[in-house]
Amino acid sequence: MTQPQAHHEPHGNGLGARLNWLRAAVLGANDGVVSTAGLVVGVAGATDARGTLLTAGLAGLLAGSMSMAAGEYVSVSTQRDSEKAALATEKRELQETPEAELAELTGLLEGKGLSREVAREAAVQLTERDALRAHAEVELGIDPDDLTNPWHAAGASFLAFTVGALLPLLAIVLPPSSVRLVVTVVSVLAALALTGWWSARLGAASPGPAVLRNMGGGAVAMAVTYVAGELLGAAGV
Ligand SMILES: [Zn+2]
């Protein structure tokens, strides 16, 4: 089982892994901003009652952050399970067919640009030192000592979403009712400009289009839910 693209994936403590975490955190916060903003702006279209806005916003914050955490927990657990299964298979193959595994490792190292002789020598040395680690890293692209912890991933998602969701929640609840919509829309669009810019920078993409797309998405979400809330409010539902 070879995964050529995995060879470019940095290992757990590398810069790339930290960037991935940071990008996930920015996207999680962005999600919290947009979904909670859509929710509270929609409710504000229907009612002026601060208690209702607070209840709706808080429920949205908790529902969203727990949904994100649960989804992340499930997805990282599954990934971890398949990584553990792959490591177990590798361990068994190393015990049962060591020669074939040595040839495989030699081939993989040759594929990285080493000559046949050097690849063979490197494979022999890596196998003597820690055969399972060598196969995990070169063949599977994983660090056997640093599999992602699903609880950490879930906690990080929960936190990121919550931080994002707090902004529209506070912006709709704290100001007087005459300006709460303006305050919310402006602060949400400013936050989305920031997260759009930041995630583009982390992905080494050009920030301009990312900022516009991100603000546009949030603006559409708020406009749609506001109109829906207005219509429901006017209908006396
Ligand atoms: Zn192998």
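Here, each number is a calculation from the coordinates, and none is a lab measurement. Since this is a predicted model, take the numbers as computed values, not measurements. Heads up, the Cβs are rebuilt from the backbone with ideal geometry, glycines too, and the neighbour counts pull from every protein chain shown.
Let me know the volume per residue of the alpha-carbon convex hull for the range 63-129, in Å³.
Each residue corresponds to 105 Å³ of Cα convex hull volume.
Cα atoms only, the chain: Rg and Dmax in Å?
Values for the chain (Cα only, Rg and Dmax): 24.7, 81 Å.
For the range 19-134, just the Cα set please: Rg and Dmax, both in angstrom.
Over the range 19-134's Cα set, Rg and Dmax evaluate to 25.6, 77 Å.
Going by Cα centres, the range 186-237 and the range 13-60 are how many Å apart?
The distance from the Cα centre of the range 186-237 to that of the range 13-60 comes to 11 Å.
For n ≥ 4 DSSP H runs only, could you compute -39500 (n - 2.57) per run for the chain, divide by its residues and tell me the 222 nm figure to the nearest 500? Walk me through the intermediate numbers first.
Values: 7 runs with 188 residues, N = 237.
Only helices count here, giving -28500 deg cm²/dmol.
Would you work out the relative contact order for the range 116-237, in percent, from Cα pairs under 8 angstrom that are 6 or more residues apart?
12 percent
With r as the distance between the Cβ atoms of residue 91 and residue 114 and R0 = 25 Å, compute the FRET efficiency 1/(1 + (r/R0)^6) and round to 0.05.
After rounding to 0.05, the efficiency reads 0.50.
Quick one: which of 176-187, 18-29 comes out on top by average Cβ neighbours within 10 Å, and what's the full order, highest first?
The most tightly packed comes first, giving 18-29, 176-187.
Provide the FRET efficiency to the nearest 0.05 for the residue 174-residue 219 pair, computing r from the beta carbons and using R0 = 30 Å.
0.90
By average Cβ neighbour count within 10 Å, what is the ranking of 127-134, 204-211 from highest down?
On the way: 127-134: 14.8, 204-211: 13.0.
Taking the mean over residues of other Cβ atoms within 10 Å, the ranking is 127-134, 204-211.
Report, in debye and to the nearest 20, how large the dipole of the range 48-186 comes out about its Cα centre when Lys and Arg carry +1 and Asp and Glu carry -1 on their Cβ.
Roughly 1080 debye, rounded to the nearest 20.
Report the net charge of residues surrounding residue 150, where surrounding means a beta-carbon distance below 11 angstrom and charges are Lys +1, Arg +1, Asp -1, Glu -1.
Here the charged neighbours net out to -1.
Across all directions of projection, what mean area in square nanometres is found for the Cα convex hull of the range 120-178?
On the way: hull surface 25.5 nm².
Dividing the Cα hull surface by four gives the mean projection, 6.4 nm².
Could you state the principal axis extents of the C-alpha atoms in the range 122-216, from the largest down, to the nearest angstrom?
74, 31, 13
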